[in-house]
Structure formats: structure tokens, C-alpha cells
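Asks: Structure below; questions to follow.
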Amino acid sequence: MVNATTQAHVKSVSQAQRPARIAMHAFLILAALIAVFPVFIMISGSFKPITELFINSWGFPRAFTLDNYLRLLNYNSGMIMHSFMNSVFISASTTVLQLIVASMAGFAFSKYNFRGKNLLFMMFMLTMMVPGELLLTPQFIIFSRLGWLNSYQVQIIPAVANTFAMFMCRQFMDSIPNEMIEAARVDGAGHWRIYTQMILPTSVPTLGALGILQFLGKWNDYLYPRIMITKVQFKPIMVILPTLTEGGDTSGTPYDLILAGCTLVVIPMLIVFFALQDKFLKSVTLGSVKG
Amino acid sequence: MAKASRTGAVNRPRRQIAPYLFILPFLISFLAFFLMPVIYSIVISLMKYKGYGTMKYVGVDNYRRLLTYGAMWNSLLNTLEYFVLGMIPVMIFAFLLAVVVRSNAMARWQRVYKPLIFLPQVCAVVASALVFKVIFGTNVGAINQVLGTSINFLGDSKLMKLPVICMLIWRNTGWYFIIFLSGLTTISDDLIEAAKIDGASSAQTMFYVTIPVMKPIFMLTFITYAIGAFKLYTEPNLILAKEEAPLAVAPFVNMITTNINSGALGMACAAGWILVVIIMLLTLAQMRMFKEGQ
């Protein structure tokens with residue numbers, strides 16, 4: 001069905017002169033090219049030998065090679081793959097724990113009334129204003145006393161209470177009708193059963209979008225692990241990539257190797273992005289309150 | 001069932017422990033890893049402490065030293081420069097792109113352009129910074145190769161900020177584009193149509209209808225951009241160095257990291273609190289600015 005307004009629009013579209021439409025496409029194509037260009041340089045560069053990068057770093061590879069990836073796999077006896085798996089493990093476990101803890105707290109804030117509720121919630125929300133950079137130094141001191149520096153737990157546990165995730169869970173759960181919960185309660189379901197068998201399954205789409213956002217944030221994290229981790233064994237790949245060297249410091253930066261490494265960390269995200277585009281883009285507007 | 005709100009809380013306040021138990025994991029983690037460090041950092045910021053040995057109370061000395069320290073002001077100015085020079089183009093491009101993509105002539109093409117313009121956001125910051133290092137490299141750089149020059153973008157103190165700002169624009173535009181786009185979608189077609197019927201040109205519609213309606217979204221994005229901008233760390237440090245960028249181009253967060261690295265932990269905490277104050281002032285200033293503008 002085409003209603004009056006859209007008809008008016010269709011008319012105004014056909015009236016819009018062709019040059020205007022061409023100009024619009026030109027503008028958007030230019031923007032898209034600029035957006036994609038660095039990604040193209042990265043991927044095509046990862047298939048070029050270093051000698052080609054010095055003469056042709058912006059075109060398609062002329063001397064296509066997989067050598068960069070082979071060297072990357074063998075770099076420092078498999079250090080890259082190890083740190084890649086570190087990143088996967090750290091990001092995945094942080095995200096899962098964040099979602100569990102946030103959905104539980106969000107459920108309590110959304111579906112219960114209790115003493116101190118608003119005060120607690122306000123206190124949590126205020127923390128979104130505080131930059132994580134402030135926490136860096138005291139956490140560094142505390143974790144060094146606890147002997148947590150250079151470990152996996154230091155990269156997972158402290159990030160578990162995520163206020164943003166909790167807030168989003170509460171927002172979503174506010175839209176779950178109470179009748180559902182009341183009915184379950186009449187049927188004799190306990191608090192925990194209502195949470196696991198009713199609230200969680202209903203929240204899957206929201207938790208999914210939230211999970212993508214949180215995973216991506218942790219995957220991309222650089223500053224925090226750079227301060228907390230000095231042992232190679234525990235480093236995520238993002239901390240390793242910038243420090244790649246070959247044949248000592250004198251031989252210059254191995255750009256070919258670095259571009260292959262960058263491609264390695266970006267490609268999985270691109271695949272997820274194009275597979276789950278809508279969810280991804282929705283998570284942005286969902287996250288527009290995020291600092 | 002007679003209930004005031006269909007989706008609000010189910011229970012009246014009464015003594016029950018279930019909600020507290022559900023909040024407990026969050027609360028414990030919050031207290032241990034957020035509140036305690038925050039309070040501890042106030043204490044440390046008043047101490048001279050190397051991370052081992054004894055702490056010595058020095059009062060506000062750390063703050064005074066930072067505020068009279070040229071490098072701190074320098075890093076603050078650098079951050080301000082990255083912030084302003086990045087934000088203006090980001091906001092302009094993001095808004096223009098959103099308006100064009102939203103226009104009816106482009107409706108069919110939205111699905112093609114939207115993900116492409118958003119693409120930079122999906123690329124890891126570290127990887128993007130390293131790629132920009134390659135793009136702006138003197139010999140290895142695409143820009144120099146295309147221009148046939150050998151400009152030292154990454155080493156010349158007058159040019160060094162350019163690659164960083166370019167990356168900030170490249171990376172952030174997609175994010176704000178999506179936010180503006182979702183804001184524009186909330187403006188009903190009827191409103192625009194009514195303006196047209198009243199004889200408004202597209203420019204007039206833009207300035208008298210679209211932009212005023214978008215004002216709250218602009219305000220929110222300015223604040224989130226400003227907060228993000230002052231937390232800038234990865235981009236300048238990885239484009240212009242392997243770990244820490246030289247002082248002349250270092251962002252403010254480097255005041256925290258270099259002090260941690262050199263074992264001046266009191267100074268690092270004080271720098272952290274200065275960052276908090278800056279962010280709060282900025283937020284307040286922008287809120288006031290927008291209130292007056294309305």
C-alpha cells in the first residue's frame with residue numbers, strides 16, 4: 001500500500017533532477033571508498049613481499065605471496081597463534097561472565113521492588129561517568145600486591161561488573177510483561193527458575209547484540225593489558241602486534257608481517273559484521289549512551 | 001489483574017532476599033574492582049609511592065607538580081587539538097552522509113552504503129593504527145607513493161598529528177553516521193512534508209526543521225565524543241611510536257602511563273583525577289552551552 005505521503009515523496013524523487021542524484025551517489029561512493037581503502041591496503045598488503053610494499057603499497061599485489069602468513073605462524077615459535085587464542089579466550093569468557101552478572105542484576109532491578117533499589121541503581125549509573133583510565137593505577141597497585149599481574153584472571157575478572165550491560169539488560173527486561181512472571185509464579189516457579197527459564201530465553205536477542213558489543217570492546221582492548229601484562233605467555237594479540245620485529249631492531253619494521261597480523265585480527269570481525277549486520281548496527285544505537 | 005503498570009516491578013517492597021542475591025555478584029565485583037580502586041586512587045594521589053617500600057604523605061604536591069609541569073599542559077593541548085580537529089570533520093561528514101543516505105532518492109541504496117561507511121568501526125583500533133602507519137610511511141606509505149613524494153609524515157613535528165587526525169576522522173565518522181541516521185529516521189515524513197507544503201525549500205527544511213529536531217542527539221554525541229577524545233591513547237601512540245609517542249604529540253592519558261612506567265604512582269593517580277575533572281567540566285560546559293542555545 002502506498003499512502004498519500006509516500007506518493008508525494010515518490011513524486012518529489014522523480015522530480016529531483018538526475019544530476020542531484022548522481023552527485024549524491026558520487027558523494028556516497030567516495031565516502032565508501034575512503035572507508036574501505038585502509039582495509040584494502042591492509043589485506044592486499046598482507047599478500048605482498050616487503051620489497052613490493054616499498055614500491056606498490058596501495059595497489060593489488062603483483063607478486064602474490066602467502067609467505068607473510070607462514071612467517072607469522074612461525075613467528076617466535078607460534079607466539080602469534082598463542083596470543084590470538086589468548087584474545088579469543090579472554091574476550092569470550094569476559095563477555096559471558098558480563099552477560100550473566102549483568103542480566104541477573106538487571107532482572108532484580110527490573111522486576112523487583114526492594115529497599116535501596118534506586119540508590120544502588122544511581123550509584124551504578126554514576127560509574128559510567130568515570131573513565132577506566134582512572135582505575136588503571138590503583139588496579140595496577142592492587143593486582144601487583146595480589147600477584148595477579150601477568151595472569152588471565154586480571155584480564156577477565158575485574159571487567160565482569162559492566163554497568164552499561166546491566167543498564168541495557170534492565171531496559172530490555174522492563175518490556176517483558178509482568179503477567180508472564182505472575183503466571184509462572186502461580187505455577188510454583190521459584191525466582192531462579194523464572195530467571196533461567198523465562199527471562200533469559202526471552203532476552204536472547206538483546207543479550208546477543210550486547211554480547212557482540214562487549215566482545216568487540218574486549219577484543220580491541222589495548223591500554224589495559226599493556227599495563228597489566230608483561231609476560232608474553234599471557235599477552236593478547238593486540239599487545240603483540242605493534243611490537244613485531246624480525247632480525248633485531250636494526251632491520252626496520254617488518255610491515256609485511258604487521259599487515260598480515262592486522263588482517264588476522266580484523267577478518268574474523270569483518271565476517272561476523274557482514275553476517276550479523278543488522279544486529280551490529282542496532283547495537284550502535286543501543287550503545288549511543290555509551291561513553 | 002489490576003496493576004498500575006504492566007511491565008514495572010512485580011513485588012511491593014517487602015523483606016525478601018531474592019533481589020539482593022541476584023544483584024550480589026554484580027555488587028561484589030563493583031565494590032572490589034571499581035569502588036575500592038577509585039577510593040584507593042584518591043589516597044595514592046596524595047602520596048609519594050613507587051609501588052614498593054613505604055608511602056609518604058605529600059598532600060596535594062602531586063597535583064601541584066602536575067599543574068606546573070609543562071609536559072602535562074602540552075599533552076592536554078595535544079589532546080584538545082586531536083579532539084577539535086577530529087570532531088568538526090567527523091560531525092560534518094557524519095551528518096551529511098546521514099542526510100544523504102536518509103533521502104528518498106537513496107532509500108534503495110541504504111543497505112549498500114550503511115555497512116560500508118560503518119566498516120572502519122569494525123576494524124580493531126590497534127590494527128587500524130598500524131595500517132595508518134603504513135599509509136603515511138615515508139617509503140612504504142601509499143600516500144607518498146601516489147604523490148611521488150617522500151614527506152616524513154610520521155617524523156616531522158609539524159605534520160605528525162595529521163595521520164592521527166586522519167585516522168580519528170576515518171574511524172569515528174561511521175559511528176556517528178549511524179547515530180545521526182537513526183535520529184533522522186525518528187523525524188516523521190509528515191513533518192518534512194508539512195514544511196514543504198508551507199513552501200520551505202530543502203535548505204530551509206534542513207535549518208528550521210531537521211536540525212532543531214536533532215538538537216538533543218547533537219548534544220549527546222558532542223558529549224560522548226568529548227569524553228572519548230580525552231581518553232585517546234592507542235591511535236597517537238601506535239601511529240607515531242611503537243609504545244609511547246614522543247612528548248610533543250603525546251595525548252593526556254600518557255601522563256598516566258608514563259608515570260606508571262616510571263614508578264611515580266602518586267603522580268599517575270593525580271593525573272587520573274585531573275582527567276576526571278576535565279571530563280566533568282566538559283560535560284557540564286556542553287550541557288550549559290546547549291541550554292543557552294535553546
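Asks: Would you check which residues across the stretch B:96-155 are touching an Asp or Glu at 6+ places or on another chain (Cβ under 9 Å) and hydroxyl-bearing (Ser, Thr, Tyr) and list them?
Replies: B:128
Asks: Tell me which helices (runs of 4 or more DSSP H) are completely within the stretch A:55-153 and hold 3 or more residues being closer than 20 Å to residue A:165 by Cβ and more than 24 Å from the chain's Cα centre (by Cα), or say none if there are none.
Replies: Because the criterion is at least 3 residues that are closer than 20 Å to residue A:165 by Cβ and more than 24 Å from the chain's Cα centre (by Cα), the helices (runs of 4 or more DSSP H) in the stretch A:55-153 that meet it are A:79-111, A:117-126.
Asks: Restricting to the stretch B:104-146, name every residue that is facing chain A (nearest Cβ under 7 Å), β-branched (Val, Ile, Thr) and either out of contact with any Ser or Thr (no Cβ under 8 Å at 6 or more places or on another chain) or under 23 Å from residue B:241 (Cβ atoms) (or both).
Replies: B:122, B:125, B:126, B:131, B:134, B:135, B:140, B:146
Asks: Of everything in the stretch B:256-294 that's of a type in the set (Ser, Thr, Tyr) and surrounded by fewer than 18 Cβ atoms within 10 Å (Cβ to Cβ), which residue is farthest from the chain's Cα centre (by Cα)?
Replies: Checked the stretch B:256-294; the qualifying residue farthest from the chain's Cα centre (by Cα) is B:262.
Asks: Name the one entry in A:242, A:225 that is under 22 Å from residue A:76 (Cα atoms) and in contact (Cβ under 8 Å) with a residue 60 or more places away in the chain.
Replies: From the options A:242, A:225, the qualifying one is A:225.
Asks: I'm trying to understand the selection: among the residues of the stretch A:137-168, which are within 7 Å of chain B (Cβ to nearest Cβ), touching a Pro at 6+ places or on another chain (Cβ under 9 Å) and touching a residue at least 40 places away in the same chain (Cβ under 8 Å)?
Replies: A:139, A:160, A:161 - these are the residues of the stretch A:137-168 that are within 7 Å of chain B (Cβ to nearest Cβ), touching a Pro at 6+ places or on another chain (Cβ under 9 Å) and touching a residue at least 40 places away in the same chain (Cβ under 8 Å).
Asks: While we're here: Out of A:214, A:171, report the one residue that is assigned to a helix (DSSP H, G or I) and within 30 Å of residue A:231 (Cα to Cα).
Replies: Every option except A:214 fails the conditions.
Asks: Next question. For the structure I just gave you, tell me whether residue B:253 is surrounded by 20 or more Cβ atoms within 10 Å (Cβ to Cβ), farther than 30 Å from residue B:96 by Cβ and in contact with a helix residue (DSSP H, G or I) (Cβ under 8 Å, 6 or more places away or on another chain).
Replies: yes
Asks: Taking the conditions exactly as written (within 12 Å of another protein chain (Cβ to nearest Cβ), in contact (Cβ under 8 Å) with a residue 60 or more places away in the chain and more than 22 Å from the chain's Cα centre (by Cα)), does residue B:101 satisfy them or not?
Replies: For residue B:101, the condition - within 12 Å of another protein chain (Cβ to nearest Cβ), in contact (Cβ under 8 Å) with a residue 60 or more places away in the chain and more than 22 Å from the chain's Cα centre (by Cα) - is met.
Asks: Turning to a different aspect of this structure: What helices (runs of 4 or more DSSP H), lying completely within the stretch B:99-153, carry at least 2 residues that are farther than 18 Å from residue A:35 by Cα?
Replies: B:142-147
Each reported figure results from applying straightforward, stated rules to the coordinates on display, with no laboratory input. As the structure is a prediction and not an experimental result, all values here were calculated from the model. Here the Cβ is made from the backbone with ideal geometry for all residues, glycine too, and neighbour counts use every protein chain on show.
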